[in-house]
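The values are calculated or read from the model by the stated rules, or taken from the named source; none is laboratory data. Keep in mind that what you see is a predicted model, and the values were worked out from it rather than measured. When we count neighbours, we look across all protein chains shown, and the Cβ atoms used for this are built from the backbone with ideal geometry, even at glycine. SASA here: full protein model, heavy atoms, side chains in, ligands and nucleic acids out. Shrake-Rupley method; radii C 1.70, N 1.55, O 1.52, S 1.80 Å.
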Amino acid sequence: MALLQISEPGQSTSPHEHRLAAGIDLGTTNSLVASVRSGVADTLDDAEGMDILPSVVRYTDHGEVMVGAKALGYATQDPLNTLASVKRMMGRSASDLATLEGHLPYRFADQDSGVPQILTAAGPVTSMEVSAEILKTLRARAEDCLGGELAGAVITVPAYFDDAQRQATKDAARLAGLNVFRLLNEPTAAAVAYGLDHQAQGVTVVYDLGGGTFDVSVLALTRGVFEVLATGGDTALGGDDFDRQVAAWVLDQTGLDVQDDPQLLRKILAEARKAKEVLSLESETVIRLEHGTEIREEIRLTREGFEHLIGPYVRKTIAWCRKTLREAEVEPSKVEHIILVGGSTRIPHVRREVQEFFGRPPLSGIDPDKVVAIGAAQQADVLAGNVSGESVLLLDVLPLSLGVETMGNLVSRIIERNTPIPVSRAQEFTTFKDGQTAMRIHVLQGEREKVEDCRSLATFDLTGIPPMVAGAAHIKVTFQVDADGLLSVRAQEKTSGVSASVEVKPSYGLTDTEIETMLRDSFEHAEQDMHAKNLAERQVEARRVLEALRAALEKDGQALLSGDERESIMRAQSELEAVSEADDPERIKQAIGSLERASETFVARRMNQSVRRVMRGHRVEEFE
Ligand code: ADP
Ligand code: MG
């Protein structure tokens, strides 16, 4: 087994000194902390014996901060001050947030730039501060359990997190007083937990279905390096959808109306979630509802019925697996290991579908909601210097290439995408004009040749270059990416030694779709068939949307829409029909978007008026 070994500066390897270290899974829905004790990595419990900490923080007007289950209890009562899912906001700008799907139900400070602030009873807070509260709670728990101060922690982040999202996570840790050994990709952590880093090589797929998000990652292991070949998923698909499906079904069965009763809806959702979790073990369950004082509902839900309700969602995750593998250019049969991560993978139907698609059983044995924290704990233990013998440092790779702008509006790449990090690379440049004494360094990220097609990360000036003829100066530009994927750039003129540098900390990050788009754009230019593929996918999507809408209109169009409303939907519909066979995936996408927007109210009304139809036909989610 050949593994890359790197000893970190200042890392103690003294055999007698055991440094306390923890791994933290900072999740959208739930967070956990784990540690290696007596050679075994496991999650740590709070005083009540719970290891899962709901990622929810509540701020009260007398400055109290509640974290976890206690805060979650106030979600209905005090929604504006009870903050959940802030992971979605990490490293995002105010304008990014405006476009986040399913707009966030909080009040925000009015601002054009900077880190968005959520207004709470205790004053404005940022997503970093909220995350810091979760991290503080986990840190205190770890220090209680381990009986001392933590030397450091490994915190996990989704593989698609960009520089800004990673930086925001590190900032949150700093606010929580945590020393971050490093950030680790969640799928990599899961693979570590299963000991796959000790294998020579192979392709691993990590299927992570959590509360509100689905991520699939294809990892290739070579010489101890996990390379993320591709990631895919849906940031708005998870266990919460299953809860909603069951709740909708309950409404349908009981005829209850929750339109003006958010409390009742909340309660039904909670019961739905309970039923869902029971059905992972039992073949049927009874949902009991008390509303008013005496009326009582008892509804039986079988596992089969439940599977029928969530089927479309599970199929969607499988479609993502197919797509992501294709992008990674890996055949399903070539996948050596499949790892299940996230609480929702406890559902037998999910396991079955995954197994069927890959043609082999996924690895089981480690609790799917603990596996990420456990892998992180193992890495933390290594980085703390507690593992004697070969200390192995796992490396991740850079998701997008990095370079600088050169004459002619072109990008000169300095570090290629997929280079293992940490890494440092230098390249020499020279002046363009006689007597030039300053040089502007423009740092870019992306795979394309032209500056405008890449993402600008930073600009800085190197001044004080001694006047020379054009082409005589030697300016060395060094790019350094640390183990967390954070970049610093330094430029130095050789004869005079003058230098300038910049640490790249963008104020907001790329969304995962932007990364996807940037990668896709670059591929498109390399291979024409990407275009064809893209087009084909859009056309299929267009046909699917049109078909679903046609059916929905036929059923409910007359009853639920006014003439004007129908007309505006039909306008968008014929527009999509017109472009759907054109050779332009972008236009098709836009037309799909317009049609979806135009039919929003229709979808909402159908949902309200007739939950029954939603359940039978599985149509509404197609517009979501
Ligand atoms: P995240 O990574 O998004 O923070 P988790 O991995 O902790 O989330 O998953 C939380 C989701 O898992 C919730 O929707 C929860 O209802 C679901 N879940 C937990 N246990 C079970 C179970 N036994 N059966 C089905 N779903 C479960
Ligand atoms: Mg998770």
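Can you tell me which aspartates and glutamates have their Cα less than 17 Å from the Cα of Lys555? Leave out same-chain residues fewer than eight positions away.
Glu547, Glu565, Glu567, Glu600, Glu621, Glu622
Using the Cα centre as the reference, give the magnitude of the dipole from point charges on the C-beta atoms of segment 398-509 (Lys, Arg: +1; Asp, Glu: -1; all else neutral), rounded to the nearest 20 debye.
Taking the Cα centre of segment 398-509 as origin, the dipole is about 80 debye.
Please report, in whole Å, how far the alpha carbons of segment 109-193 spread along each principal axis, starting with the longest.
Principal-axis extents of segment 109-193 (Cα, largest first): 43, 31, 16 Å.
So if each residue of separation counts as 0.36 nm, and I subtract the Cα-Cα distance between Asn409 and Met50, what length gain in nm does that give?
123.6 nm
Pop out the carbon and sulfur fraction of the accessible area of the chain as a percent, whole number, probe 1.4 Å.
Looking at the chain in its full context, I get 47 percent from C and S.
Report, please, the projected area of segment 398-509 averaged over directions, based on the convex hull of its C-alpha atoms, in nm².
6.6
Reachable aspartates and glutamates from Lys476, Cα under 20 Å, same-chain residues fewer than 8 places away excluded?
The reachable aspartates and glutamates, counting only those whose Cα sits under 20 Å from Lys476, are Glu405, Glu416, Glu428, Asp434, Asp461, Glu493, Glu503.
Considering only Cα-Cα distances, which of the following residue pairs are longer than 20 Å: Lys70/Lys274; Lys433/Lys494; Lys323/Lys450; Lys87/Lys136; Lys87/Lys316?
Lys323/Lys450; Lys87/Lys316
Would you compute, from DSSP H runs of 4+ residues alone, the mean residue ellipticity of the chain at 222 nm, taking -39500 (n - 2.57) per run and dividing by the full residue count, rounded to the nearest 500?
Taken over the chain, the calculation gives -11500 deg cm²/dmol.
Run through segment 81-142 and list the GluC sites (Glu not before Pro) located in a DSSP loop whose Cβ has at most 11 other Cβ atoms within 10 Å.
Glu101
Write down the accessible area per residue of the chain in Å², having rolled a 1.4 Å probe over the full set of protein chains.
Details: 28330 Å² over 624 residues.
Value for the chain: 45 Å² per residue.
DSSP loop GluC sites (Glu not before Pro) in segment 260-316 with at most 15 other Cβ atoms within 10 Å of their Cβ, which ones?
Sites meeting the loop and neighbour criteria: Glu282, Glu294.
For an R0 of 35 angstrom, estimate the FRET efficiency from the Cβ-Cβ distance between Cys145 and Leu80 and round to the nearest 0.05. If you can, show how the numbers build up before the last one.
On the way: r = 34 Å, r/R0 = 0.96.
The value I calculate is 0.55.
What whole-number volume per residue, in cubic angstrom, does the convex hull of the C-alpha atoms of segment 176-329 give?
165
Mind putting a number on the dipole of the chain about its Cα centre? Charges go on the C-beta only, +1 for Lys and Arg and -1 for Asp and Glu, and I need it in Debye to the nearest 20. Display every interim value, and only then the final one.
Values: 67 positive and 96 negative charges, 79 e Å.
Dipole magnitude for the chain comes out near 380 debye.
So which aspartates and glutamates can Lys170 reach, going by Cα to Cα under 14 Å and dropping same-chain residues fewer than 8 places off?
Asp25, Glu129, Glu133, Asp162, Asp482, Asp484
Considering the Cα positions of the chain, please state its Rg to one decimal place and its Dmax as a whole number of Å.
Values for the chain (Cα only, Rg and Dmax): 26.2, 92 Å.
Within 10 Å of each candidate Cβ there may be at most 14 other Cβ atoms; applying that plus a DSSP loop requirement, which trypsin sites (Lys or Arg not before Pro) in segment 421-502 survive?
Of the trypsin sites (Lys or Arg not before Pro), the ones in loops of segment 421-502 whose Cβ has at most 14 other Cβ atoms within 10 Å are Lys433, Lys494.
Using the charge dipole of the chain (Lys, Arg: +1 at Cβ; Asp, Glu: -1 at Cβ; taken about the Cα centre), state which of Leu251, Asn534, Asn179 has its Cα farthest towards the positive end.
Ranked along the dipole, the leading option is Asn179.
Between Glu64 and Ala122, what length comes free when the chain is fully extended (0.36 nm per residue of separation minus the Cα-Cα distance, one decimal in nm)?
The span from Glu64 to Ala122 would gain 20.1 nm if fully extended.
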